[in-house]
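Report on the following structure.
The values are calculated or read from the model by the stated rules, or taken from the named source; none is laboratory data. Source: prediction; values computed, not measured. Here Cβ is always computed from backbone atoms with ideal geometry, including for glycine, and neighbour counts include all displayed protein chains.
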Amino acid sequence: MSSPLQNRVTPFGDIAAVSARGGMMGNRGGRLHGPERRLGRRRWASKAWICCELAFRGRQRVVMGESYTELFFLDEAVALAAGHRPCFECRRREARAFAAAWAEAFDLPAPPRAPAMDARLHAERLGPRRRGAPAALPEGAMFAVGAQAFLRVGEGAQAWSWSGYGACAPAPEVMAEILTPPAMVAALRHGFRPRLHPSAEAG
């Protein structure tokens, strides 16, 4: 049996090789792998980091083939935490909802175009992460206590793993590392609802 490819993304934005299958796909603007289907040193090809459907219009792809590097996430909350916005091609409705929430969050006269959002998100991805109280985060945002990532959901939080989320518990009363970039958090506060894994409890 072949070894898993290095194409699964954590809420911290790291890319790992694990056998668990993701619920959503995405990319970081191009090809990151070489002929042997292994990642090189770089971790993005452009500022356009997107989150996509696993299947779209019957298209068939060879994962880590001749085109861009396919990346996989447990769900959209993980994708947002890692800095990936909804794709305007395969997820047009969600992408428009995201842009509308962004416009409301930043008091813009109209929803922004993808390059404007990508520029801000890339700066946030490269900058230091904030710290804050988990209970103050909107549902769908992710935070970390030490090496453990959590999803903010309902009145509590659930621990992330490759295969799903753990049982819901009260949000830790500590200052945590906020994994979801600030602009993503702002969009969540203003109505964007990410697609969550079935193990995430309804709020």
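Within region 141-168, residues that are more than 25 Å from Ala186 (Cβ to Cβ) have Cβ atoms under 8 Å from residues that are surrounded by fewer than 18 Cβ atoms within 10 Å (Cβ to Cβ) and among the hydrophobic types (A, V, I, L, M, F, W, C) in these pairs: Trp162/Val18; Trp162/Ala20; Ser163/Ala20; Gly166/Ala159, counting only partners at least 6 apart in sequence or on another chain.
Could you please find all residues in region 5-51 being more than 25 Å from Phe143 (Cβ to Cβ), in contact with a helix residue (DSSP H, G or I) (Cβ under 9 Å, 6 or more places away or on another chain) and among the aliphatic types (A, V, I, L, M)? Within region 5-51, Ala48 is the sole residue that qualifies. Please go through (1) touching a strand residue (DSSP E or B) at 6+ places or on another chain (Cβ under 7 Å); (2) part of a helix (DSSP H, G or I) for Tyr68 and return the number of the only condition it doesn't satisfy. With (1) touching a strand residue (DSSP E or B) at 6+ places or on another chain (Cβ under 7 Å); (2) part of a helix (DSSP H, G or I) applied to Tyr68, the lone miss is (2). When Gly34 is tested against (1) within 14 Å of Glu89 (Cα to Cα); (2) of a type outside the set (Asp, Glu); (3) without any contact (Cβ under 8 Å) to a residue 24 or more places away in the chain, only condition (1) is not met. Determine if region 33-47 includes at least one residue that is at pLDDT 95 or above, touching a Pro at 6+ places or on another chain (Cβ under 6 Å) and surrounded by 12 or more Cβ atoms within 10 Å (Cβ to Cβ). Scanning region 33-47, I find no residue that is at pLDDT 95 or above, touching a Pro at 6+ places or on another chain (Cβ under 6 Å) and surrounded by 12 or more Cβ atoms within 10 Å (Cβ to Cβ), so the answer is no. Hey, does region 123-134 have a residue that's under 12 Å from Pro11 (Cα atoms) and either hydrophobic (A, V, I, L, M, F, W, C) or more than 13 Å from the chain's Cα centre (by Cα) (or both)? Within region 123-134, not a single residue is under 12 Å from Pro11 (Cα atoms) and either hydrophobic (A, V, I, L, M, F, W, C) or more than 13 Å from the chain's Cα centre (by Cα) (or both).
Scanning region 101-114 for residues that are in a helix (DSSP H, G or I) and in contact (Cβ under 8 Å) with a residue 60 or more places away in the chain, we see that the one that is surrounded by the most Cβ atoms within 10 Å (Cβ to Cβ) is Trp102. Entry remark, region 71-100: residues being more than 21 Å from Arg152 (Cα to Cα) and buried (at least 20 other Cβ atoms within 10 Å of the Cβ) number 5 in total. Filtering region 141-196 to residues that are hydroxyl-bearing (Ser, Thr, Tyr), surrounded by fewer than 21 Cβ atoms within 10 Å (Cβ to Cβ) and not in a strand (DSSP E or B) leaves only Ser163.
Of the residues making up region 75-100, those that are assigned to a loop (DSSP other than H, G, I, E, B), closer than 18 Å to Pro182 by Cβ and of a type outside the set (A, V, I, L, M) are Gly83, His84.
Per-residue answers, yes or no, for (1) touching a Cys at 6+ places or on another chain (Cβ under 6 Å); (2) assigned by the TED database to the domain that holds Pro35:
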{"residue": "Thr69", "(1), (2)": "no, yes"}
{"residue": "Phe72", "(1), (2)": "no, yes"}
{"residue": "Leu80", "(1), (2)": "no, yes"}
{"residue": "Ala97", "(1), (2)": "no, no"}
{"residue": "Ala114", "(1), (2)": "no, no"}
{"residue": "Ala133", "(1), (2)": "no, no"}
{"residue": "Phe150", "(1), (2)": "no, no"}
{"residue": "Gln158", "(1), (2)": "yes, no"}
{"residue": "Cys168", "(1), (2)": "no, no"}
